[in-house]
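**Student:** Provided herewith is a single structure, encoded as structure tokens, for subsequent inquiry.
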Amino acid sequence: MAEKIEITISCPKCNFSQTKNIYKSINASTDGEIKDLILNRELFTFTCDNCDHKALIDYDFLYHDPENKVMIYFLKDYDEKEDNLYRNIPKPSEDYKMRIVKSASDLIEKIKIFDMGFDDRVIELCKLFYLGNMRETNPEFITDHIYYDTDKNLVNSVFVFMNKEGKPAVAGLDKDFYNQVFKMYEERIIKREKSSFEIIDKTWAESFINKK
Ligand SMILES: [Zn+2]
């Protein structure tokens, strides 16, 4: 069940002070409608009771998906080097994936990856290969960042490349290629698995590839 707390918040436009309910934790199996609010970003939108002004708010909370055995902590100011808390929280069971993300976009990306039955570490490794391929075949496109996405019907997976000007380029994820990468690195991935929360991103993938 979702766990709510009340916070007092002042509207950035009219300064009106009001209380809002925010979530401390969300269970994807029982709180499907809240999960939808995450995926369409409504959960991170504040609407003023007084003037209807809309603004983005993000706040820390835990996303738990017991079906997929996934826990994702959304901690926007997380500092890995200072962390003595989250990295010591044990997994509920061996086969759980525990992640920390620092932005709403990263949270949404992770949820989609796990919902499609993919391993986010393999996806991060695939991204590196797709980036290399993009540099070779389309050198004039300078990628600022790349993210995983699905179509509306949750059938097809794509990588979206964004350049500095915010222009996107899209490449379909080849499932055979994904499986190849998975097979190639599975053993090493399992060996490097932490027993608690960790950040799985581009930095993780680069360090994984560079350390033999
Ligand atoms: Zn207002």
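Every number in this text was worked out from the coordinates using simple rules, so none of it is lab data. Keep in mind it's a predicted model, so treat the numbers as computed, not measured. Here the Cβ positions follow ideal geometry from the backbone for every residue, glycine too, while neighbour counts run over all protein chains shown.
**Student:** Within 10 Å of each residue's Cβ, count the other Cβ atoms and sort 114, 129 from fewest upward.
**Tutor:** On the way: 114 22, 129 14.
Sorted ascending by nearby Cβ count, the order is 129, 114.
**Student:** Separate question: Between residue 136 and residue 160, what is 0.36 nm times their sequence separation minus the Cα-Cα distance? Round to one decimal in nm.
**Tutor:** Details: separation 24, 0.36 × 24 = 8.64 nm, distance 1.67 nm.
In short, 7.0 nm is gained.
**Student:** Between residue 171 and residue 57, how many nm apart are label points set 7 Å from Cα along the C-beta direction?
**Tutor:** 4.0
**Student:** Could you run the Karplus curve 6.51 cos²θ - 1.76 cosθ + 1.60 with θ = phi - 60° over region 15-24 and give me ³J(HN,Hα) per residue in whole Hz, x for Gly and Pro?
**Tutor:** Per-residue couplings from phi come out as 6, 4, 8, 8, 9, 10, 8, 10, 9, 8 Hz.
**Student:** Full-extension gain between residue 10 and residue 29, please, as 0.36 nm times their residue separation minus the C-alpha to C-alpha distance. Could the numbers behind the result be given before it?
**Tutor:** Values: separation 19, 0.36 × 19 = 6.84 nm, distance 3.26 nm.
Length gained between residue 10 and residue 29: 3.6 nm.
**Student:** Between residue 81 and residue 17, with labels modelled 7 Å along Cα→Cβ, what's the label distance in nm to one decimal, could you check?
**Tutor:** My value for the distance between the label points is 3.8 nm.
**Student:** Most exposed first by the Cβ proxy, i.e. fewest other Cβ within 10 Å, how do 170, 101 rank?
**Tutor:** By the 10 Å Cβ count, ascending, the order reads 170, 101.
**Student:** Hey, another quick one. Report, in listed order, any pair from 13/127; 4/183; 81/167; 152/183 with a Cα-Cα distance greater than 30 Å. Working shown, then result.
**Tutor:** Values: 13/127 40 Å; 4/183 41 Å; 81/167 34 Å; 152/183 28 Å.
Going by Cα-Cα distance, 13/127; 4/183; 81/167 fall outside the 30 Å limit.
**Student:** Excluding residues fewer than 8 places away in the same chain, name every one of the aspartates and glutamates whose C-alpha is closer than 12 Å to that of residue 69.
**Tutor:** Those aspartates and glutamates meeting the cut-off are 94, 95, 115, 119.
**Student:** Among all cysteines in the chain, which have no other cysteine Cβ under 4.7 Å from their own Cβ?
**Tutor:** Here 126 come out as lacking a disulfide-compatible partner, given the Cβ-Cβ threshold of under 4.7 Å.
**Student:** Here is a further query. Only bridges with both residues in region 3-115 count here: give the DSSP antiparallel percent, nearest 5. Walk me through the intermediate numbers first.
**Tutor:** Values: 16 of 24 bridges.
Rounded to the nearest five, the antiparallel share is 65 percent.
**Student:** Defining a contact as two alpha carbons under 8 Å apart and six or more residues distant in sequence, what relative contact order in percent does the chain show?
**Tutor:** Values: 293 pairs, mean separation 31.7, N = 212.
With pairs under 8 Å counted, the relative contact order is 15 percent.
**Student:** Any idea what the dipole of region 120-210 comes to, in debye rounded to 20, about its Cα centre with Lys/Arg Cβ at +1 and Asp/Glu Cβ at -1?
**Tutor:** On the way: 13 positive and 16 negative charges, 31 e Å.
Using Cβ point charges on Lys, Arg, Asp and Glu, region 120-210 gives about 140 debye.
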